[in-house]
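This report refers to the structure that appears directly beneath it.
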Amino acid sequence: MEKEAKEAAHVTEEAKWGTKLMGPPAEPSAHPENQRAALWSPRGDDERPPYVLEREPVSRGPGGSPMESILDFFNSWAKKAEDLAHNIWHNLKTAPSKAEAAMGKLSLTAKALAEGGFESLYKQTFQTDPTERLKKTFACFLSTTTGPVAGTLYLSNVNVAFCSDRPLSFTAPSGQQAWSYYKVMIPLIKIAAVNPVTLGENPPHKYIQIATVDGHDFWFMGFVHFEKASEHLLNDVSDRAAASQGAEHSVSRVTT
């Protein structure tokens, strides 16, 4: 019984790193692990919405435990590690589960520090406007047909973007297996609605649905602070829409 329990726990922990396979965004019901991921905290030819960025193959797939690369990083950045560990621990104290939140948090924070901070990491990961500035980041999962993708949701004054924590596998046009980070970028002006959704009880499954003006849906879950993420997304999309309408009115008054 004890061995079986340990094996089951190991499978659960492995699952929380998210799927290893590329798949188009989908509703949570598309894969059973998507619905389970709503309770977690972070840490072929597909018809992809235009907001899913082109796959950029990386030199190799994820090898070994993600913790190994984190430990290597800390060994080479010993002077900064103490401050980093203090900040991480401070953030994790308020999370529902330290172990679950740490999985996504540690690797992301280590990478951000290596790249010069979250702002720099965001601009190196995505093509951004010179005036664009990063406002918030949230560790979460993206719902896809192949299961939940663990990663980070970035909120800037221009876009909502998502990048997976690790490369995922897909079949290249050549037929060979390749690996690429899963990236999504949605301009705020293209977002029609942000819908916080809570399903079930004890415990509730919480999702944030982002619907675009051209009929595409993206479902995110597994937020450490679901209410805070919902609030920031709702407010920023609303503010951007109001600013855009104000600009249109100004132009119409000038032309009439």
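Thinking of region 130-256 as a set of Cα atoms, what percent of all their pairs are more than 20 Å apart?
Across region 130-256, Cα pairs with separations above 20 Å total 52 percent.
When the chain is fully extended, how far beyond the present Cα-Cα distance does residue 217 get from residue 145, taking 0.36 nm per residue of separation?
24.6 nm
Give the ranking of 118, 170 by solvent-accessible surface, highest area first, calculated with a 1.4 Å probe. Provide the component values of the computation, followed by the final result.
Working: 118 65, 170 25 Å².
Sorted descending by solvent-accessible area, the residues read 118, 170.
For residue 238 paired with residue 199, estimate the spin-label separation in nm (one decimal), with each label point 7 Å from Cα along the Cα-to-Cβ line.
About 2.6 nm separates the two model spin labels.
Taking the simple approach of a point 7 Å from Cα along Cα-to-Cβ for both residue 231 and residue 157, what is their distance in nm?
2.2 nm
The values are calculated or read from the model by the stated rules, or taken from the named source; none is laboratory data. Just so you know, these numbers come straight off a predicted model, no measurement behind them. Here the Cβ is made from the backbone with ideal geometry for all residues, glycine too, and neighbour counts use every protein chain on show. We work out accessible area using only protein heavy atoms, side chains counted, and drop any ligands, DNA or RNA first. Shrake-Rupley method; radii C 1.70, N 1.55, O 1.52, S 1.80 Å.
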